[in-house]
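Worksheet: one structure, shown below.
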Amino acid sequence: MTAFSSHFLFEFKTGLRNSSAMLVNYLLPLGFYAAMGFVMVAINPGFKDLLLPSMIVFAIMSSTILGLPNPLVEYREAGIFRSYKINGVPALSILSIPAISTIIHALIVSGIIMLTATPFFDAVAPQNWPALVGVTLLTAFTFGTLGMLIGVISSSARSVVLWSQLIYLPSILLGGLMIPTAMMPESVQKLSGLIPSTYAMQAFFGLAFEQETAFNPWLSVATLLVSGILALVLSMYLFNWDSNNQTRKTSPLLALLILVPFIIATLIDFVL
Amino acid sequence: MDNEIISIKEFTKSYDDFVAVNKINFSVKEGEIFGLLGPNGAGKTTTLECLEGLRLPDSGELHILGVDPHRDPRKLRNIIGVQLQTSGLPDTMTVREAMNFFSAYHASPPNYEILTRMGLDEKRDTQYHQLSTGQKRRLSLALAIAHDPPVIILDEPTAGLDVASRSELHGIMQELRAGGTTIILATHDMAEAEKMTDRVAILLRGQIVDSGSPRELTSKGGGLTKISVRTAASLLHEHLGEFPAVTQQLIKEEYTIYYSTDPGATVSALLEFIKVQGDNLIDLRVERPTLEERFLEITTAGGIQ
């Protein structure tokens, strides 16, 4: 068995056997999806347009933003990364393998949502299925690397909650998951340009559902891709094996550079 | 030096203004168990962490089998096995997964035989958090030696273990030494150091204040040898203070106990006395100063309590 497959298998199984991971990977997103499908669609039939993309983004955020960072912090604080380093586990594997396994859990749930939303809840089906899959993969990559970055810069479980909620709650409220961005006041639309889920939703609507969008969908795709790559690079650069051994003394505030693609995208959209 | 496996020369490491290790030198030979002793904050862990490649030394040279831990970390991984003081494993990882995981990163086949030897065969599918402290320690040691490294670094390997588990681990360490493995052992347990090590270095405030075999170290100090004698007629009870080199004596139950600066002279005189008086020797015990006493002597002289 190769190092990658052995490491990946362990991380993937942990996503199922650990109750906290199981909750954020499966129970929370599928439970919320079922609730929204049964209740929200009945209350507001217009939500059928949103159900499929918004629940995919919710499932991905639940796994990656709520689930991925905490084990990274716990492992570092418990000295597990030190043990990994001594045994030759590279930093890239330490960060990327949990992210990949988390993304796969998120994709499994996304797949369930894709296959059931229309037959079960009469959700609007996409015009372009390959685009739906493509945007789902890109969104999972971007949020996976963002979750990784939160885990790298957080010094404790408490700060994980702080950073995660800083992305998670605005994403749900302002990112177009509950209310389409186009229906929001213009000032809120501008503010939502700083939130990654906005770009995911805009890409879904523009490319998979072939609808008019508040942001250019290809600009959204580019923003997601660039921010995902930037989060990966920042995570690698800021990664620390051991909280007691600050060999790299760069401030975690450098992680705020992750806002740059979103600011640029907002400015470009404003100019266009 | 022939068969020099670990070599440390003028090694210094500071944390901001605090000098944790200050220009220390020592070497470890092939097949040796070398003890690193010292009170908390003496620099033991810093030294081990620099050897393991976890920290970067400020100056000096560290080599394990000629490999610089910081310059060639990849090569280092396969020549050392490390048992960290803290767990170092995720709670949900099973014993089997741990073996597969670390073996894969060492590019060696999983060594399940080691698990059997460590008494963990039936625990292969048990998650780490479900293991007892002793089982965790044994697993940690099993993982450290699974890829058959020529050098093993053990940091407080028996801390928190019961007597049976401790004895088991000592047995394994002795087997490894017999097989030619070089072991560097950091411990607070002086009895363990005295029993297991071939040589020790005592670190105090980042410097080596004494080194040598446990026997050499104990013989250097001002410690007194304890001589306990029991005779049939207990005539020694009435002749306290009549023997050479005795600085202190007392009677405890059937025994007369002498503390001597020259045990050879004292024992000869005692035996002569018993013979002349027509008494019969029942029991004679000579106990040299322990490493713990020598350690306390050094650390107390250095102002460490």
query = For chain A, modelled as a Gaussian network with Cα springs under 10 Å, which listed residue fluctuates most, A:PRO53, A:PRO126, A:PRO69?
reply = A:PRO126
ask   = Which residue, A:ALA203, A:ALA42, A:ALA157, has the most motion in a Gaussian network model of chain A that connects Cα atoms within less than 10 Å?
value = A:ALA42
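Relative to the present Cα-Cα distance, how much length would full extension add between A:PHE32 and A:TRP129 at 0.36 nm per residue of separation?
Numbers: separation 97, 0.36 × 97 = 34.92 nm, distance 2.32 nm.
Here the segment from A:PHE32 to A:TRP129 would lengthen by 32.6 nm.
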inquiry  = If I take R0 = 56 Å and measure r between the Cβ atoms of A:ASP122 and B:ASP121 in this structure, what FRET efficiency does the formula 1/(1 + (r/R0)^6) give, to the nearest 0.05?
reply    = 0.50
ask   = Hey, what angle do you get for helix B:133-145 against the long axis of chain B, alpha-carbon based, 0 to 90 degrees rounded to 10?
value = 60
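Taking other Cβ within 10 Å of each residue's Cβ, how do A:TRP129, A:TRP241 sort, fewest first? Let's see the in-between values first.
Details: A:TRP129 11, A:TRP241 20.
Fewest-to-most ranking of A:TRP129, A:TRP241: A:TRP129, A:TRP241.
Net charge near A:THR213, counting Lys/Arg +1 and Asp/Glu -1 over other residues with Cβ under 14 Å of its Cβ?
Values: positive: none; negative: A:ASP49, A:GLU210, A:GLU212, A:ASP269.
Within the 14 Å Cβ shell, the charges total -4.
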key: Residue mean of other protein chain beta carbons inside 10 Å, B:90-98   = 5
task = Mind jotting down the distance between the C-alpha centroids of segment B:1-77 and segment B:166-216, whole Å?
result = 16
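Could you tell me which helices of chain A pass both thresholds, a Cα extent of 27 Å or more along their own axis and a mean Kyte-Doolittle hydropathy of at least 0.0, with helices taken as whole DSSP H runs? Before the final figure, lay out the partial values.
Details: long enough: A:91-121 (43 Å, 1.87); A:129-153 (36 Å, 1.79); A:217-238 (31 Å, 1.90).
The qualifying helices are A:91-121, A:129-153, A:217-238.
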query = Can you flag which of B:LYS195/B:LYS220; B:LYS29/B:LYS123; A:LYS85/B:LYS13; B:LYS44/B:LYS226 are past 29 Å Cα-Cα?
reply = B:LYS29/B:LYS123; B:LYS44/B:LYS226
query = Looking only at A:PHE215, A:PHE32, A:PHE205, which one moves most when chain A is put into a Gaussian network model with springs between Cα atoms under 10 Å?
reply = A:PHE32
query = Got a sec? How would A:THR198, A:THR2 order by Cβ neighbour count within 10 Å, fewest to most?
reply = A:THR2, A:THR198
ask   = Based on the Cβ-Cβ distance of B:SER59 and B:ARG230, what FRET efficiency does E = 1/(1 + (r/R0)^6) give at R0 = 45 Å, to the nearest 0.05?
value = 0.20
key: Average projection area in nm² (convex hull over Cα atoms of the protein assembly as shown, one quarter of hull surface)   = 34.0
message = At a 10 angstrom cut-off on C-beta neighbours, averaged per residue, how do the peptides A:71-79, B:6-14 rank from highest to lowest?
response = A:71-79, B:6-14
inquiry  = Let's see if you can work this out: charge +1 on each Lys and Arg Cβ, -1 on each Asp and Glu Cβ, no other charges. What is the dipole magnitude of chain A about its Cα centre, in debye to the nearest 20?
reply    = 800
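Per-residue Cβ counts within 10 Å, from other chains only, averaged over A:3-10: what number is that? Each step should come with its number before you reach the end.
Numbers: counts 8, 2, 2, 9, 5, 0, 3, 8.
For peptide A:3-10, the averaged partner shielding equals 5.
Using DSSP, restrict attention to beta bridges with both residues in chain B and report what percent are antiparallel, rounded to the nearest 5. Please list the in-between numbers first.
Numbers: 37 of 54 bridges.
Roughly 70 percent of the beta bridges in chain B run antiparallel, per DSSP.
If I take R0 = 35 Å and measure r between the Cβ atoms of A:SER155 and A:PHE4 in this structure, what FRET efficiency does the formula 1/(1 + (r/R0)^6) give, to the nearest 0.05?
Details: r = 29 Å, r/R0 = 0.83.
E(calc), rounded to 0.05, equals 0.75.
What does the charge add up to near B:TYR112, with Lys and Arg as +1, Asp and Glu as -1, over the other residues with Cβ less than 11 Å from its Cβ?
Details: positive: B:ARG96, B:ARG117, B:ARG124; negative: B:GLU113, B:ASP121.
Once positives and negatives cancel, what remains is +1.
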ask   = For a label point 7 angstrom out from the Cα of B:ARG71 toward its Cβ, which stretches of segment B:1-42 have the backbone nitrogen within less than 17 Å?
value = B:6-12
ask   = Quick one: A:VAL233, A:VAL221, B:VAL200, B:VAL276, fewest Cβ neighbours within 10 Å first, how do they rank?
value = B:VAL276, A:VAL233, A:VAL221, B:VAL200
task = Quickly work out the A:VAL39-to-A:LEU16 label distance, labels modelled 7 Å from Cα along the C-beta direction, and quote it in nm with one decimal.
result = 3.0
remark   = Net charge near A:GLN202 (other residues with Cβ under 15 Å of its Cβ; Lys, Arg +1; Asp, Glu -1) is -3
ask   = Straight-line reach from A:LYS190: which lysines have a Cα under 18 Å away, not including same-chain ones fewer than 8 places off?
value = none
task = Positive end of the charge dipole of the protein assembly as shown (Lys, Arg +1 and Asp, Glu -1 on Cβ, about the Cα centre): tell me which of B:ASN40, A:TYR26, A:VAL133 has its Cα farthest that way.
result = A:VAL133
Cα centroid separation, segment A:84-120 to segment A:135-201 (Å) = 18
ask   = How well do other chains shield peptide A:76-86, expressed as the mean number of their Cβ atoms within 10 Å of each residue Cβ?
value = 6
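Going by the alpha-carbon gyration tensor, a ≥ b ≥ c the square roots of its eigenvalues, is chain B rounded (a/c under 1.5) or, if a/c is not under 1.5, prolate (a/b greater than b/c) versus oblate?
Because a/c hits 1.5 or more and a/b exceeds b/c, chain B counts as prolate.
No lab work stands behind these numbers, since they all come straight from the coordinates. None of the values given here were measured: they were computed from a predicted structure. Reconstructed Cβ throughout: ideal geometry from the backbone, glycine too, with neighbour counts over all protein chains shown.
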